[in-house]
1. Are any of the residues in the stretch 241-254 within 13 Å of ligand 2 (Cβ to nearest atom), farther than 16 Å from N339 by Cβ and at pLDDT 95 or above?
2. List the helices (runs of 4 or more DSSP H) that sit entirely inside the stretch 1-95 and contain at least 3 residues that are more than 25 Å from F256 (Cα to Cα) and more than 17 Å from the chain's Cα centre (by Cα).
3. When you scan the stretch 25-35, do you find a residue that is buried (at least 21 other Cβ atoms within 10 Å of the Cβ) and touching an Asp or Glu at 6+ places or on another chain (Cβ under 8 Å), even just one?
4. Out of the residues in the stretch 65-90 that are over 21 Å from Y14 (Cα atoms) and small (G, A, S), state the one that is surrounded by the fewest Cβ atoms within 10 Å (Cβ to Cβ).
5. Looking at the stretch 128-160, which of its residues are of a type in the set (K, R) and not in a loop (DSSP other than H, G, I, E, B)?
6. If you check A218, A119, A188, which single one turns out to be at pLDDT 95 or above and within 14 Å of ligand 1 (Cβ to nearest atom)?
7. Can you pull out every residue in the stretch 96-125 that is of a type outside the set (D, E, K, R), outside any helix (DSSP H, G or I) and in contact with a Phe, Trp or Tyr (Cβ under 9 Å, 6 or more places away or on another chain)?
8. Could you identify the single residue in S281, S309, S287 that is more than 30 Å from F41 (Cβ to Cβ), out of contact with any strand residue (DSSP E or B) (no Cβ under 8 Å at 6 or more places or on another chain) and among the polar types (S, T, N, Q)?
Amino acid sequence: MAPKNILVTGGAGYIGSHTVLQLLQEGFRVVALDNLDNSSFIAIKRAAELAGDAEKNLSFQKVDLRDKEALSKVFDTIKFDAVIHFAGLKAVGESVQKPLLYYNNNLVGTITLLEVMNAHGCKNLVFSSSATVYGWPKQVPCTEEFPLSAANPYGRTKLIIEEMCRDIQKSDSEWKIILLRYFNPIGAHPSGYIGEDPRGIPNNLMPFIQQVAVGRKAELMVFGNDYNTKDGTGVRDYIHVVDLADGHISALEKLFSDQNIGCEVYNLGTGKGTSVLEMVSAFEKASGKSIPLVMCTRRPGDAEIVYASTDKADRELKWRAKHGIEEMCRDQWNWASKNPWGYGFPESES
Ligand code: NAD
Ligand code: UDP
């Protein structure tokens, strides 16, 4: 059977680059598309190198999803079997400051993509949603049936896109859509050759810890130690990015094998909760570095405890995360120590 063609939007990004590599290793033909607003072409080059011979099955398009003409040209030249849609802006704080930027980029980008897919008869989609749609869950683990809410414009774009997908599928049963709700992706490819390289000051816990470990930041601010948790700090479900990438292969297999999938949603997490202090301690152990801490007040909008129910993905996608916190920290440190400035150089530090 001829290899399937997959378009990966946001393919140069953190999760995108790991997924591109895994797709190539699984024998897919991949077009990675990105406007490189929050990523570097070096990530694509390195993913291609890691793929060895399969590198020949990868091409890159520097396109903004909102540029309908350019996007249509990409679809004119290749008949895609499915699209994995990562492209979007993801900084919660920035989305509060610049809501229109987020609505424009994430919503207009997705609408344009869906229109072009529709016009070209490509109706198989995997979309990156987020555990943020569970808000502050009343109980844990979060199952896919929990009520949904948004605490900020970023989260609202995820909710709206999920709803759009459900509506589109209802209106046209040829669409097959899988919405993946990621919990907290961390870690890097075990080679240490690709990893997360956030622009500016990191928002998320692990990239911040990493920057303290390599000396780019002096200390980690712990946002709240008065939560009703084992040690008072917030609890999250951290998942190795390679496991997450693997979840996308399972989602594609489901799309291609299940004619009646419709529009279905799956959590991708480990089902285990880890506190901020537990994460710091695991990272210190993996890196041999000490992470100085400053206890601060809670970050507005933060939930206390969030972790996934993994039953549905396990049952229906036959997918389950394989890596634990130790491996996540080991691979994070391997990437960080080999690339203390990410894909860039000290001059680019803001
Ligand atoms: P990332 O910023 O590393 O990757 C997103 C990529 O999309 C970037 O390379 C960026 O340049 C590109 N992009 C943004 N807008 C674009 C546009 N209009 N046209 C073309 N390219 C565009 O982020 P990531 O961590 O890899 O996240 C990927 C997806 O997963 C995002 O949709 C994000 O919201 C979602 N997600 C991420 C997390 C997380 O913690 N990393 C958690 C839940 C969900
Ligand atoms: N956190 C922290 N200091 C930081 C960044 C995050 O204490 O510099 C905490 C945050 O309050 C939360 C956990 O770490 O309890 C995970 O935060 P992150 O932003 O990575 O993920 P999210 O809250 O979006 O799930």
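1. Among the residues of the stretch 241-254, not one is within 13 Å of ligand 2 (Cβ to nearest atom), farther than 16 Å from N339 by Cβ and at pLDDT 95 or above, which makes the answer no.
2. Here the list reads 41-50, 68-77.
3. No.
4. S72
5. R156, K158
6. A188 is the lone residue from the list that is at pLDDT 95 or above and within 14 Å of ligand 1 (Cβ to nearest atom).
7. H120, C122, N124, L125
8. From the options S281, S309, S287, the qualifying one is S281.
The values are calculated or read from the model by the stated rules, or taken from the named source; none is laboratory data. Just so you know, these numbers come straight off a predicted model, no measurement behind them. FYI the Cβ positions are ideal-geometry reconstructions off the backbone, even for glycines, and counts take in every protein chain you see.
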